[in-house]
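The values are calculated or read from the model by the stated rules, or taken from the named source; none is laboratory data. As the structure is a computational prediction, the values presented were derived from the model and not from experiment. Cβ sites come from the backbone with ideal geometry, for glycine too, and all protein chains shown count toward neighbours.
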Number of protein chains: 2
Amino acid sequence: MMSSDVKRVMLPIVGQPSPERADAARNRRALLAAAQTILTERGIDALSMDRVAARAGVGVGTVYRRFGDRAGLALALLDDTELRFQAAFLSGPPPLGPGAPPVARIRAFLHAYVDRLETEAELHAFADTKSPTARHRSGAYRTARAHLVALLSMADPTADVNYLADALLAALGAGLFLHQRQELGFDAARVKAGLDHLLIAVTEPRCGSGLTL
Amino acid sequence: MMSSDVKRVMLPIVGQPSPERADAARNRRALLAAAQTILTERGIDALSMDRVAARAGVGVGTVYRRFGDRAGLALALLDDTELRFQAAFLSGPPPLGPGAPPVARIRAFLHAYVDRLETEAELHAFADTKSPTARHRSGAYRTARAHLVALLSMADPTADVNYLADALLAALGAGLFLHQRQELGFDAARVKAGLDHLLIAVTEPRCGSGLTL
DNA sequence: GCTTGAATCGGAGCATCCTCCGGTTCCGAT
DNA sequence: ATCGGAACCGGAGGATGCTCCGATTCAAGC
(Lines give C-alpha, C1' and ligand atoms only; values in the text may rest on other atoms or scores of the structure.)
Protein backbone atom coordinates (compact mmCIF):
# COMPACT_ATOMS: atom_id res chain seq x y z
CA MET A 1 0.00 0.00 0.00
CA MET A 2 3.01 2.26 0.35
CA SER A 3 4.35 1.50 -3.12
CA SER A 4 1.17 2.87 -4.59
CA ASP A 5 2.51 6.36 -4.06
CA VAL A 6 5.39 5.76 -6.42
CA LYS A 7 3.34 4.17 -9.13
CA ARG A 8 0.66 6.81 -9.05
CA VAL A 9 3.25 9.24 -10.38
CA MET A 10 2.96 7.42 -13.74
CA LEU A 11 3.23 10.73 -15.49
CA PRO A 12 0.60 11.55 -18.11
CA ILE A 13 3.36 13.08 -20.29
CA VAL A 14 2.00 16.59 -20.37
CA GLY A 15 -1.07 17.33 -22.45
CA GLN A 16 -4.14 15.18 -22.58
CA PRO A 17 -5.23 13.29 -19.48
CA SER A 18 -5.38 10.00 -21.41
CA PRO A 19 -2.93 10.13 -24.35
CA GLU A 20 -4.80 7.66 -26.59
CA ARG A 21 -5.37 4.00 -26.41
CA ALA A 22 -3.24 1.80 -28.66
CA ASP A 23 -6.14 0.46 -30.73
CA ALA A 24 -7.56 3.94 -31.12
CA ALA A 25 -4.24 5.28 -32.42
CA ARG A 26 -3.93 2.34 -34.80
CA ASN A 27 -7.41 2.96 -36.17
CA ARG A 28 -6.77 6.66 -36.57
CA ARG A 29 -3.66 5.99 -38.63
CA ALA A 30 -5.47 3.36 -40.70
CA LEU A 31 -8.36 5.76 -41.35
CA LEU A 32 -6.11 8.62 -42.42
CA ALA A 33 -4.15 6.30 -44.70
CA ALA A 34 -7.37 4.96 -46.21
CA ALA A 35 -8.70 8.47 -46.76
CA GLN A 36 -5.46 9.55 -48.43
CA THR A 37 -5.54 6.52 -50.69
CA ILE A 38 -9.12 7.11 -51.75
CA LEU A 39 -8.30 10.77 -52.34
CA THR A 40 -5.41 10.08 -54.70
CA GLU A 41 -7.01 7.09 -56.39
CA ARG A 42 -10.57 8.22 -56.96
CA GLY A 43 -10.69 11.92 -56.18
CA ILE A 44 -12.50 13.93 -53.58
CA ASP A 45 -16.00 13.04 -54.74
CA ALA A 46 -15.40 9.44 -53.67
CA LEU A 47 -14.27 10.48 -50.20
CA SER A 48 -17.31 9.33 -48.23
CA MET A 49 -17.23 8.35 -44.58
CA ASP A 50 -18.60 4.88 -45.33
CA ARG A 51 -15.96 4.23 -47.94
CA VAL A 52 -13.14 5.40 -45.70
CA ALA A 53 -14.40 3.15 -42.94
CA ALA A 54 -14.72 0.15 -45.23
CA ARG A 55 -11.29 0.74 -46.74
CA ALA A 56 -9.70 0.98 -43.31
CA GLY A 57 -11.57 -2.14 -42.21
CA VAL A 58 -13.38 -0.49 -39.31
CA GLY A 59 -16.96 0.44 -38.58
CA VAL A 60 -18.50 3.75 -39.53
CA GLY A 61 -18.97 4.70 -35.90
CA THR A 62 -15.23 4.65 -35.43
CA VAL A 63 -14.72 7.25 -38.13
CA TYR A 64 -17.15 9.59 -36.42
CA ARG A 65 -15.67 9.10 -32.97
CA ARG A 66 -12.20 9.91 -34.32
CA PHE A 67 -13.03 12.87 -36.53
CA GLY A 68 -16.44 14.07 -35.47
CA ASP A 69 -17.76 14.63 -38.97
CA ARG A 70 -16.75 15.02 -42.57
CA ALA A 71 -15.15 18.41 -41.94
CA GLY A 72 -13.11 16.92 -39.11
CA LEU A 73 -11.77 14.23 -41.42
CA ALA A 74 -10.74 16.84 -43.97
CA LEU A 75 -9.05 18.96 -41.29
CA ALA A 76 -7.19 15.90 -40.03
CA LEU A 77 -5.94 15.26 -43.56
CA LEU A 78 -4.74 18.86 -43.66
CA ASP A 79 -3.24 18.74 -40.21
CA ASP A 80 0.34 18.10 -41.29
CA THR A 81 0.60 21.04 -43.64
CA GLU A 82 -1.43 23.18 -41.27
CA LEU A 83 1.01 22.60 -38.43
CA ARG A 84 3.96 23.30 -40.68
CA PHE A 85 2.28 26.46 -41.92
CA GLN A 86 1.57 27.67 -38.40
CA ALA A 87 5.12 26.93 -37.31
CA ALA A 88 6.41 28.85 -40.31
CA PHE A 89 4.47 32.05 -39.69
CA LEU A 90 4.67 31.90 -35.92
CA SER A 91 8.34 31.07 -35.45
CA GLY A 92 9.96 30.41 -38.81
CA PRO A 93 12.39 32.58 -40.71
CA PRO A 94 11.34 35.96 -42.10
CA PRO A 95 9.60 37.31 -44.02
CA LEU A 96 6.90 34.78 -43.07
CA GLY A 97 8.10 34.47 -39.50
CA PRO A 98 9.15 37.12 -36.98
CA GLY A 99 11.80 39.64 -37.95
CA ALA A 100 10.32 41.27 -41.03
CA PRO A 101 8.11 44.39 -41.05
CA PRO A 102 4.39 43.67 -40.50
CA VAL A 103 3.23 44.37 -44.04
CA ALA A 104 5.95 42.16 -45.49
CA ARG A 105 4.92 39.39 -43.12
CA ILE A 106 1.28 39.70 -44.10
CA ARG A 107 2.25 39.58 -47.73
CA ALA A 108 4.31 36.46 -47.18
CA PHE A 109 1.38 34.96 -45.28
CA LEU A 110 -1.04 35.61 -48.13
CA HIS A 111 1.32 34.19 -50.72
CA ALA A 112 2.02 31.11 -48.64
CA TYR A 113 -1.72 30.61 -48.18
CA VAL A 114 -2.23 30.75 -51.93
CA ASP A 115 0.52 28.17 -52.36
CA ARG A 116 -1.34 25.88 -49.98
CA LEU A 117 -4.60 26.38 -51.84
CA GLU A 118 -2.83 25.51 -55.05
CA THR A 119 -2.59 21.90 -53.91
CA GLU A 120 -5.21 21.68 -51.17
CA ALA A 121 -8.09 23.87 -52.30
CA GLU A 122 -10.47 20.98 -52.86
CA LEU A 123 -9.83 19.61 -49.41
CA HIS A 124 -10.32 23.03 -47.85
CA ALA A 125 -13.56 23.42 -49.76
CA PHE A 126 -14.65 19.95 -48.68
CA ALA A 127 -14.04 20.89 -45.06
CA ASP A 128 -16.28 23.95 -45.49
CA THR A 129 -19.25 22.12 -46.99
CA LYS A 130 -20.73 21.04 -43.70
CA SER A 131 -21.85 24.47 -42.61
CA PRO A 132 -21.32 27.94 -44.02
CA THR A 133 -19.64 29.06 -40.80
CA ALA A 134 -17.61 25.87 -40.29
CA ARG A 135 -14.49 27.53 -41.64
CA HIS A 136 -14.66 30.43 -39.22
CA ARG A 137 -15.03 28.16 -36.23
CA SER A 138 -12.01 25.98 -36.99
CA GLY A 139 -8.84 26.33 -34.98
CA ALA A 140 -6.85 26.91 -38.14
CA TYR A 141 -9.00 29.92 -39.03
CA ARG A 142 -8.81 31.35 -35.54
CA THR A 143 -5.04 31.06 -35.51
CA ALA A 144 -4.63 32.67 -38.91
CA ARG A 145 -7.07 35.39 -37.92
CA ALA A 146 -5.26 36.17 -34.68
CA HIS A 147 -1.98 36.34 -36.58
CA LEU A 148 -3.37 38.80 -39.11
CA VAL A 149 -5.03 40.90 -36.41
CA ALA A 150 -1.71 41.25 -34.62
CA LEU A 151 0.21 42.19 -37.75
CA LEU A 152 -2.47 44.54 -39.04
CA SER A 153 -2.67 46.39 -35.77
CA MET A 154 1.07 47.03 -36.01
CA ALA A 155 0.75 48.22 -39.57
CA ASP A 156 -2.26 50.49 -39.01
CA PRO A 157 -3.47 50.89 -35.43
CA THR A 158 -6.31 53.19 -36.52
CA ALA A 159 -8.06 50.62 -38.70
CA ASP A 160 -10.71 48.09 -37.68
CA VAL A 161 -8.22 45.24 -37.81
CA ASN A 162 -10.81 42.74 -36.61
CA TYR A 163 -12.85 43.44 -39.69
CA LEU A 164 -9.88 43.56 -42.05
CA ALA A 165 -8.48 40.21 -40.96
CA ASP A 166 -11.73 38.47 -41.90
CA ALA A 167 -11.93 40.40 -45.15
CA LEU A 168 -8.45 39.27 -46.18
CA LEU A 169 -9.21 35.69 -45.21
CA ALA A 170 -12.47 35.87 -47.17
CA ALA A 171 -10.38 36.63 -50.25
CA LEU A 172 -8.54 33.38 -49.49
CA GLY A 173 -11.68 31.26 -49.37
CA ALA A 174 -11.29 27.87 -51.02
CA GLY A 175 -14.50 28.24 -53.02
CA LEU A 176 -13.42 31.61 -54.37
CA PHE A 177 -9.99 30.28 -55.22
CA LEU A 178 -11.42 27.35 -57.17
CA HIS A 179 -13.71 29.75 -58.99
CA GLN A 180 -10.80 32.02 -59.87
CA ARG A 181 -8.62 29.17 -61.09
CA GLN A 182 -11.21 27.10 -62.92
CA GLU A 183 -13.95 29.47 -64.05
CA LEU A 184 -12.03 32.72 -64.47
CA GLY A 185 -8.76 31.18 -65.62
CA PHE A 186 -6.58 33.09 -63.16
CA ASP A 187 -3.20 31.67 -62.29
CA ALA A 188 -1.68 31.74 -58.83
CA ALA A 189 0.43 34.78 -59.67
CA ARG A 190 -2.64 36.82 -60.56
CA VAL A 191 -4.33 35.88 -57.32
CA LYS A 192 -1.23 36.88 -55.40
CA ALA A 193 -1.04 40.17 -57.29
CA GLY A 194 -4.67 40.88 -56.45
CA LEU A 195 -4.00 40.17 -52.79
CA ASP A 196 -0.94 42.45 -52.92
CA HIS A 197 -3.12 45.20 -54.32
CA LEU A 198 -5.65 44.72 -51.54
CA LEU A 199 -2.95 44.64 -48.90
CA ILE A 200 -1.22 47.79 -50.13
CA ALA A 201 -4.52 49.62 -50.33
CA VAL A 202 -5.54 48.61 -46.86
CA THR A 203 -2.27 49.28 -45.09
CA GLU A 204 -1.04 52.29 -47.00
CA PRO A 205 -1.60 55.51 -45.06
CA ARG A 206 -4.50 57.59 -46.33
CA CYS A 207 -3.41 60.49 -48.50
CA GLY A 208 -6.60 62.14 -49.72
CA SER A 209 -9.41 63.31 -47.50
CA GLY A 210 -10.16 59.76 -46.48
CA LEU A 211 -13.83 60.58 -46.44
CA THR A 212 -14.58 61.13 -50.09
CA LEU A 213 -17.74 59.05 -50.06
CA MET B 1 -62.94 25.60 -88.11
CA MET B 2 -62.32 29.19 -89.07
CA SER B 3 -62.17 30.19 -85.46
CA SER B 4 -59.08 28.02 -85.19
CA ASP B 5 -57.07 30.88 -86.61
CA VAL B 6 -58.08 33.02 -83.73
CA LYS B 7 -57.27 30.34 -81.23
CA ARG B 8 -53.85 29.62 -82.66
CA VAL B 9 -52.86 33.16 -81.90
CA MET B 10 -53.05 32.15 -78.24
CA LEU B 11 -49.95 34.22 -77.69
CA PRO B 12 -47.11 32.67 -75.69
CA ILE B 13 -46.66 36.00 -73.98
CA VAL B 14 -43.06 36.57 -74.96
CA GLY B 15 -40.31 34.57 -73.34
CA GLN B 16 -40.38 30.82 -72.98
CA PRO B 17 -41.61 28.65 -75.83
CA SER B 18 -44.04 26.84 -73.54
CA PRO B 19 -45.11 29.24 -70.79
CA GLU B 20 -45.80 26.58 -68.18
CA ARG B 21 -48.53 24.07 -67.80
CA ALA B 22 -51.33 25.00 -65.43
CA ASP B 23 -50.69 22.18 -62.98
CA ALA B 24 -46.98 22.90 -62.99
CA ALA B 25 -47.55 26.55 -62.15
CA ARG B 26 -49.99 25.61 -59.41
CA ASN B 27 -47.49 23.21 -57.91
CA ARG B 28 -44.68 25.74 -58.06
CA ARG B 29 -46.78 28.27 -56.16
CA ALA B 30 -47.84 25.65 -53.64
CA LEU B 31 -44.24 24.58 -53.11
CA LEU B 32 -42.96 28.11 -52.60
CA ALA B 33 -45.80 28.84 -50.18
CA ALA B 34 -45.10 25.63 -48.28
CA ALA B 35 -41.40 26.42 -48.10
CA GLN B 36 -42.09 29.91 -46.83
CA THR B 37 -44.46 28.57 -44.19
CA ILE B 38 -41.96 25.99 -42.95
CA LEU B 39 -39.29 28.67 -42.91
CA THR B 40 -41.24 31.05 -40.70
CA GLU B 41 -42.80 28.39 -38.51
CA ARG B 42 -39.91 26.06 -37.84
CA GLY B 43 -36.78 27.77 -39.07
CA ILE B 44 -34.30 26.95 -41.77
CA ASP B 45 -33.12 23.69 -40.23
CA ALA B 46 -36.54 22.18 -40.86
CA LEU B 47 -36.48 23.21 -44.52
CA SER B 48 -35.96 19.80 -46.10
CA MET B 49 -37.08 18.88 -49.58
CA ASP B 50 -39.22 16.00 -48.30
CA ARG B 51 -41.01 18.25 -45.84
CA VAL B 52 -41.67 20.92 -48.43
CA ALA B 53 -43.07 18.31 -50.78
CA ALA B 54 -45.29 16.77 -48.10
CA ARG B 55 -46.51 20.18 -46.95
CA ALA B 56 -47.40 21.18 -50.48
CA GLY B 57 -49.12 17.83 -51.04
CA VAL B 58 -46.95 16.77 -53.98
CA GLY B 59 -44.28 14.17 -54.56
CA VAL B 60 -40.61 14.76 -53.92
CA GLY B 61 -39.81 14.39 -57.61
CA THR B 62 -41.89 17.44 -58.32
CA VAL B 63 -39.79 19.58 -56.03
CA TYR B 64 -36.63 18.55 -57.84
CA ARG B 65 -38.09 19.10 -61.28
CA ARG B 66 -39.17 22.60 -60.31
CA PHE B 67 -36.09 23.75 -58.46
CA GLY B 68 -33.30 21.37 -59.41
CA ASP B 69 -31.90 21.01 -55.94
CA ARG B 70 -31.84 22.52 -52.47
CA ALA B 71 -29.88 25.56 -53.66
CA GLY B 72 -32.43 26.13 -56.40
CA LEU B 73 -35.24 26.15 -53.88
CA ALA B 74 -33.41 28.71 -51.77
CA LEU B 75 -32.72 30.90 -54.79
CA ALA B 76 -36.38 30.70 -55.79
CA LEU B 77 -37.35 31.87 -52.31
CA LEU B 78 -34.93 34.78 -52.72
CA ASP B 79 -36.07 35.56 -56.24
CA ASP B 80 -38.45 38.36 -55.32
CA THR B 81 -35.96 40.41 -53.36
CA GLU B 82 -33.21 39.56 -55.83
CA LEU B 83 -35.19 40.94 -58.74
CA ARG B 84 -36.04 44.08 -56.79
CA PHE B 85 -32.39 44.47 -55.83
CA GLN B 86 -31.22 44.09 -59.41
CA ALA B 87 -33.82 46.56 -60.63
CA ALA B 88 -32.69 49.01 -57.97
CA PHE B 89 -29.00 48.99 -58.82
CA LEU B 90 -29.48 48.64 -62.57
CA SER B 91 -32.17 51.22 -63.19
CA GLY B 92 -33.37 52.65 -59.88
CA PRO B 93 -32.74 56.08 -58.40
CA PRO B 94 -29.23 57.13 -57.36
CA PRO B 95 -27.03 56.60 -55.51
CA LEU B 96 -27.79 52.89 -55.99
CA GLY B 97 -28.92 53.32 -59.55
CA PRO B 98 -27.42 55.30 -62.43
CA GLY B 99 -26.66 58.98 -61.92
CA ALA B 100 -24.28 58.95 -58.99
CA PRO B 101 -20.48 58.72 -59.18
CA PRO B 102 -19.13 55.14 -59.41
CA VAL B 103 -17.68 54.96 -55.91
CA ALA B 104 -20.90 56.26 -54.37
CA ARG B 105 -22.84 53.64 -56.33
CA ILE B 106 -20.55 50.87 -55.16
CA ARG B 107 -20.92 52.05 -51.60
CA ALA B 108 -24.72 52.08 -51.92
CA PHE B 109 -24.53 48.60 -53.42
CA LEU B 110 -22.47 47.24 -50.53
CA HIS B 111 -24.78 48.80 -47.95
CA ALA B 112 -27.89 47.51 -49.68
CA TYR B 113 -26.33 44.05 -49.84
CA VAL B 114 -25.69 44.15 -46.10
CA ASP B 115 -29.31 45.14 -45.56
CA ARG B 116 -30.39 42.09 -47.51
CA LEU B 117 -28.11 39.83 -45.52
CA GLU B 118 -29.58 41.24 -42.36
CA THR B 119 -32.83 39.43 -43.08
CA GLU B 120 -31.79 36.78 -45.60
CA ALA B 121 -28.32 35.64 -44.55
CA GLU B 122 -29.46 32.19 -43.48
CA LEU B 123 -31.20 31.59 -46.77
CA HIS B 124 -28.15 32.78 -48.72
CA ALA B 125 -25.96 30.48 -46.64
CA PHE B 126 -28.39 27.62 -47.22
CA ALA B 127 -28.15 28.19 -50.97
CA ASP B 128 -24.35 27.97 -50.76
CA THR B 129 -24.19 24.69 -48.85
CA LYS B 130 -24.53 22.46 -51.87
CA SER B 131 -21.10 23.20 -53.30
CA PRO B 132 -18.38 25.68 -52.36
CA THR B 133 -18.54 27.26 -55.79
CA ALA B 134 -22.34 27.23 -56.04
CA ARG B 135 -22.51 30.90 -55.10
CA HIS B 136 -20.15 31.99 -57.84
CA ARG B 137 -22.07 30.12 -60.51
CA SER B 138 -25.45 31.61 -59.70
CA GLY B 139 -27.00 34.22 -61.93
CA ALA B 140 -27.35 36.59 -59.00
CA TYR B 141 -23.62 36.46 -58.33
CA ARG B 142 -22.73 36.95 -61.98
CA THR B 143 -25.01 39.97 -62.23
CA ALA B 144 -23.64 41.57 -59.08
CA ARG B 145 -20.12 40.84 -60.22
CA ALA B 146 -20.64 42.38 -63.64
CA HIS B 147 -22.13 45.46 -61.99
CA LEU B 148 -19.14 45.88 -59.70
CA VAL B 149 -16.67 45.29 -62.50
CA ALA B 150 -18.27 48.05 -64.54
CA LEU B 151 -18.30 50.53 -61.68
CA LEU B 152 -14.81 49.67 -60.50
CA SER B 153 -13.35 50.08 -63.94
CA MET B 154 -14.81 53.60 -64.03
CA ALA B 155 -13.38 54.39 -60.62
CA ASP B 156 -9.92 52.98 -61.26
CA PRO B 157 -9.16 51.74 -64.77
CA THR B 158 -5.64 50.70 -63.78
CA ALA B 159 -6.69 48.13 -61.19
CA ASP B 160 -7.48 44.45 -61.73
CA VAL B 161 -11.20 45.04 -61.43
CA ASN B 162 -11.99 41.41 -62.15
CA TYR B 163 -10.12 40.44 -59.05
CA LEU B 164 -11.46 43.27 -56.91
CA ALA B 165 -15.10 42.55 -57.68
CA ASP B 166 -14.77 39.02 -56.33
CA ALA B 167 -12.81 40.25 -53.33
CA LEU B 168 -15.56 42.70 -52.41
CA LEU B 169 -18.23 40.05 -52.89
CA ALA B 170 -16.21 37.66 -50.75
CA ALA B 171 -16.47 40.17 -47.94
CA LEU B 172 -20.26 39.92 -48.44
CA GLY B 173 -20.38 36.15 -48.09
CA ALA B 174 -23.33 34.89 -46.07
CA GLY B 175 -21.17 32.62 -43.93
CA LEU B 176 -18.81 35.46 -43.05
CA PHE B 177 -21.72 37.76 -42.27
CA LEU B 178 -23.29 35.24 -39.90
CA HIS B 179 -19.92 34.79 -38.23
CA GLN B 180 -19.51 38.54 -37.82
CA ARG B 181 -23.00 39.01 -36.43
CA GLN B 182 -23.24 35.97 -34.19
CA GLU B 183 -19.71 35.06 -33.19
CA LEU B 184 -17.97 38.42 -33.27
CA GLY B 185 -20.92 40.51 -32.15
CA PHE B 186 -20.63 43.04 -34.98
CA ASP B 187 -23.71 45.05 -35.88
CA ALA B 188 -24.68 45.93 -39.43
CA ALA B 189 -23.20 49.42 -39.08
CA ARG B 190 -19.78 48.02 -38.26
CA VAL B 191 -19.88 45.71 -41.24
CA LYS B 192 -20.83 48.63 -43.47
CA ALA B 193 -18.04 50.73 -41.99
CA GLY B 194 -15.55 47.95 -42.66
CA LEU B 195 -16.75 47.71 -46.25
CA ASP B 196 -16.47 51.51 -46.60
CA HIS B 197 -12.89 51.28 -45.39
CA LEU B 198 -12.12 48.57 -47.93
CA LEU B 199 -13.81 50.49 -50.72
CA ILE B 200 -12.02 53.74 -49.99
CA ALA B 201 -8.69 51.97 -49.78
CA VAL B 202 -9.22 50.15 -53.04
CA THR B 203 -10.53 53.03 -55.10
CA GLU B 204 -8.53 55.89 -53.67
CA PRO B 205 -5.65 56.83 -55.95
CA ARG B 206 -2.26 55.66 -54.75
CA CYS B 207 -0.28 58.36 -53.01
CA GLY B 208 2.91 56.65 -51.84
CA SER B 209 5.22 54.66 -54.03
CA GLY B 210 2.57 52.01 -54.54
CA LEU B 211 5.23 49.34 -54.41
CA THR B 212 6.37 49.52 -50.84
CA LEU B 213 6.30 45.78 -50.34
C1' DG C 1 -66.23 15.71 -76.79
C1' DC C 2 -62.26 12.78 -78.05
C1' DT C 3 -57.71 11.62 -79.27
C1' DT C 4 -53.01 11.85 -78.64
C1' DG C 5 -48.41 13.34 -77.88
C1' DA C 6 -45.88 15.43 -74.49
C1' DA C 7 -45.16 17.33 -70.17
C1' DT C 8 -45.78 16.37 -65.52
C1' DC C 9 -46.51 13.71 -61.39
C1' DG C 10 -45.18 10.73 -57.54
C1' DG C 11 -43.04 7.69 -54.65
C1' DA C 12 -39.97 3.73 -54.48
C1' DG C 13 -35.13 3.47 -54.20
C1' DC C 14 -30.18 4.55 -53.71
C1' DA C 15 -26.20 7.06 -51.49
C1' DT C 16 -24.59 9.52 -47.83
C1' DC C 17 -24.24 11.73 -43.25
C1' DC C 18 -24.62 10.92 -38.74
C1' DT C 19 -26.43 8.70 -34.11
C1' DC C 20 -27.06 5.18 -30.80
C1' DC C 21 -25.96 1.63 -27.72
C1' DG C 22 -24.85 -3.28 -26.63
C1' DG C 23 -20.76 -6.01 -26.95
C1' DT C 24 -15.73 -5.97 -26.91
C1' DT C 25 -11.01 -4.68 -26.02
C1' DC C 26 -7.46 -2.53 -23.68
C1' DC C 27 -4.53 -1.43 -19.77
C1' DG C 28 -3.41 -0.02 -15.02
C1' DA C 29 -3.63 -2.03 -10.62
C1' DT C 30 -3.53 -5.90 -7.63
C1' DA D 1 -1.82 -13.80 -14.37
C1' DT D 2 -5.95 -11.76 -13.73
C1' DC D 3 -9.48 -8.50 -12.78
C1' DG D 4 -12.54 -4.54 -13.45
C1' DG D 5 -13.92 -0.45 -15.33
C1' DA D 6 -13.21 2.92 -18.75
C1' DA D 7 -12.67 3.57 -23.44
C1' DC D 8 -13.56 1.90 -27.74
C1' DC D 9 -15.67 -0.77 -31.59
C1' DG D 10 -19.20 -1.60 -35.05
C1' DG D 11 -23.18 -1.98 -37.60
C1' DA D 12 -28.15 -1.31 -37.54
C1' DG D 13 -31.05 2.45 -38.43
C1' DG D 14 -33.05 7.28 -38.93
C1' DA D 15 -32.93 11.50 -41.72
C1' DT D 16 -32.06 13.73 -45.87
C1' DG D 17 -30.51 14.86 -50.76
C1' DC D 18 -31.32 13.35 -55.11
C1' DT D 19 -32.65 9.99 -59.23
C1' DC D 20 -35.50 7.22 -62.09
C1' DC D 21 -39.30 5.80 -64.69
C1' DG D 22 -44.06 4.02 -65.16
C1' DA D 23 -48.63 6.14 -64.47
C1' DT D 24 -51.17 10.19 -64.93
C1' DT D 25 -52.79 14.62 -66.44
C1' DC D 26 -52.91 18.43 -69.50
C1' DA D 27 -54.25 20.98 -73.56
C1' DA D 28 -54.03 21.51 -78.63
C1' DG D 29 -56.23 19.98 -82.77
C1' DC D 30 -59.94 17.59 -84.82
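A few remarks follow.
- Condition check for B:Ile38 on (1) touching a Leu at 6+ places or on another chain (Cβ under 6 Å); (2) farther than 20 Å from B:Thr119 by Cβ; (3) within 12 Å of DNA strand D (Cβ to nearest atom): one failure, at (2).
- For B:Arg105, the stated conditions hold: it is more than 12 Å from DNA strand D (Cβ to nearest atom), over 26 Å from B:Thr40 (Cβ atoms) and not hydrophobic (A, V, I, L, M, F, W, C).
- Taken over region A:44-80, the residue count meeting the criterion of being within 13 Å of DNA strand D (Cβ to nearest atom) and within 19 Å of the chain's Cα centre (by Cα) is 5.
- Helices (runs of 4 or more DSSP H) contained entirely in region A:40-105, each with at least 1 residues that are within 14 Å of chain B (Cβ to nearest Cβ) and either within 10 Å of DNA strand C (Cβ to nearest atom) or of a type outside the set (A, V, I, L, M, F, W, C) (or both): A:70-77
- B:Leu110 being within 14 Å of another protein chain (Cβ to nearest Cβ), at pLDDT 90 or above and away from DNA strand D (no atom under 11 Å from the Cβ): yes
- Candidates B:Arg137, B:Arg107, B:Arg142, filtered to the one that is touching a helix residue (DSSP H, G or I) at 6+ places or on another chain (Cβ under 7 Å) and of a type in the set (Lys, Arg): B:Arg107
- Here A:Ala33 clears all of (1) modelled with pLDDT of 95 or more; (2) in contact with a helix residue (DSSP H, G or I) (Cβ under 8 Å, 6 or more places away or on another chain); (3) among the hydrophobic types (A, V, I, L, M, F, W, C); (4) assigned to a helix (DSSP H, G or I) except the condition numbered (1).
- Inter-residue pairs, beta-carbon under 8 Å, first at the interface with chain B (Cβ under 7 Å from one of its Cβ atoms) and in region A:156-174, second among the aromatic types (Phe, Trp, Tyr) and not in a helix (DSSP H, G or I), 6+ apart: A:Tyr163/B:Phe186
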